[in-house]
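Below: one structure, written as structure tokens.
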Amino acid sequence: MSSILQELEAQIANVSTSVEKTNIGIVRETGDGVAKVEGLSDAQLNEMIEFPGGLTGLALNLEEGEVGVVFLGDGKHITEGMECKATGKLLSIPVGENFLGRVVNTLGEPIDGKGDVSAADQYPVEKIAPGIIKRKSVSVPLQTGIAAIDAMIPIGRGQRELIIGDRSTGKTTIAIDTIISQANQNKAAAEGRLKDHKPVYCIYVAIGQKQSNIARTVSILEDAGALDNTTIVAASASDSATNQFLAPYSGCAFAEYLMDQGKDVLIVFDDLSKQAVAYRQVSLTTSSPTGT
Amino acid sequence: MKVSKVAQSTARRIFRLCSKDGQVNEEHLRIAVTKLAEEKPRDYRGMLQALRRLLQAELVKKQVTVESAVDLNKATSSKVKKSLCSQYGDDLNFDFKVSPELLGGMRIRVGNDLFDGSVKARLERLQESL
């Protein structure tokens, strides 16, 4: 009993009782998953905005006296005249090694029904990439396990490769096979059958796919025993355009965390053309530039 | 009514010319508005609309709402006024309200800034942390 009392006292001591200054705004109009907010004079681009009911928004369009905020969830209960406040934090997600073997959404919340994940850190979704001087030149190959690719167009660790092709020609299959091959190589290295092999962890970002397709991919990886060293970030076709647009950034945040731990990571974005469509949709509703 | 970008930038320019050291000169702005209404340049309605919005935003910045659970005595209210005026300038418009749902403490809103020192907010913070 005394330990519970101590815990409670510690919790109460942690609660700040001082008065804090917060920057607030009033929702002027809402629709299409976007709220136009008057006020929020101190809001920054990509800052998280807190709405009533625990809903989080993302400040994407800053105008004079007005901010365009996209909802990162269901914003149907948000109505005109409601108050929202700036959090002062840029959009960040929980990351960590515990996310390997799990399926999460864009905000890093698990959606596989396997319970909560304890995060090691919070990483911003928008981060400046390491400069060209900081990067090593490509020296270690990444074996995809597909003989034709490894022989004719080998891929190196630290390289980007575009998989391009007509529909139903096996683009996703190449990516999934590569992930499975990495898992097999990691296992072989752990058993001592493969020398000087640094394990590769995988992030698979599914954007705008049918939920049934995502479930099939998960089961393929699970059956092949490759899910344990893979994190799947899923933004299905039924998710909001904002979530689909942000999914690659979230996937990258997971990968960057592993990279910062000195690990090698393979990240697959499947596919970026759907992300481009989602971005166009978001930028048209927030009246920000649609890009080129 | 949709205000064009040209009208918006012209209104901003008029507003800037009618302001000095961050303060709007009422007389100058009145003259500018009268001139606009008389001469009716192209898209003058949009300009007036944009000017109205800019002036409204400026007024909101100077509006202070002080909410408390009980009626504040004169000494406390003047202390609040004094400390806010020293922080935000002397030309603030104060509005004192009584909101029993705050349970205690004060909730002060200055423009877009909110200082919530009410018992209700503290209880909510405690609830979130537990």
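Worth pointing out:
- Over segment B:1-126, the fraction of Cα-Cα pairs per 5 Å bin, rounded to whole percents and listed from the shortest bin up, is 2, 10, 16, 16, 12, 11, 9, 9, 9, 4, 2, 0.
- For chain A, the longest principal axis of the Cα atoms and the long axis of helix A:241-260 meet at an angle of about 60 degrees.
- Long pairs among A:Lys89/A:Lys127; A:Lys136/A:Lys198; A:Lys21/B:Lys81; A:Lys210/A:Lys263; A:Lys76/B:Lys61; B:Lys74/B:Lys97, criterion Cα-Cα beyond 19 Å: A:Lys210/A:Lys263; A:Lys76/B:Lys61
- Sites matching trypsin sites (Lys or Arg not before Pro) across segment B:29-130 that sit in DSSP coil, with at most 16 neighbouring C-beta atoms within 10 Å: B:Arg42
- Cross-link partners for A:Lys36 among the aspartates and glutamates, with Cα-Cα distance under 13 Å and sequence neighbours closer than 8 places in the same chain left out: A:Glu63, A:Glu64, A:Glu66, A:Glu80, A:Glu83.
- Chain A - convex hull of alpha carbons, volume per residue in Å³: 198 Å³
- The Rg/Rh ratio for segment B:62-129, using Cα coordinates for both the radius of gyration and the Kirkwood hydrodynamic radius, is 1.00.
- Tilt relative to chain A, helix A:211-223 - C-alpha long axis, 0 to 90 degrees, to 10: 50 degrees
- Sparse-neighbourhood loop sites, trypsin sites (Lys or Arg not before Pro) in segment A:97-139 - DSSP loop, at most 11 other Cβ within 10 angstrom: A:Lys114, A:Lys134, A:Arg135, A:Lys136
- In degrees, nearest ten, helix B:119-129 long axis to first principal axis of chain B (Cα): 80 degrees
- Most mobile listed residue (A:Ile203, A:Ile176, A:Ile133) in chain A, GNM with C-alpha springs under 10 Å: A:Ile133
- Partner aspartates and glutamates for A:Lys187 [C-alpha distance under 20 Å; skip if fewer than 8 residues away on the same chain]: A:Glu97, A:Asp150, A:Asp177, A:Asp196, A:Glu222, A:Asp223, A:Asp228, A:Asp264
Every read-out reported here was derived from the displayed coordinates using simple, explicitly stated rules and does not represent laboratory data. Keep in mind the model is a prediction, meaning the values are calculated, not measured. All Cβ positions, glycine included, derive from the backbone under ideal geometry; neighbour counts span all protein chains shown.
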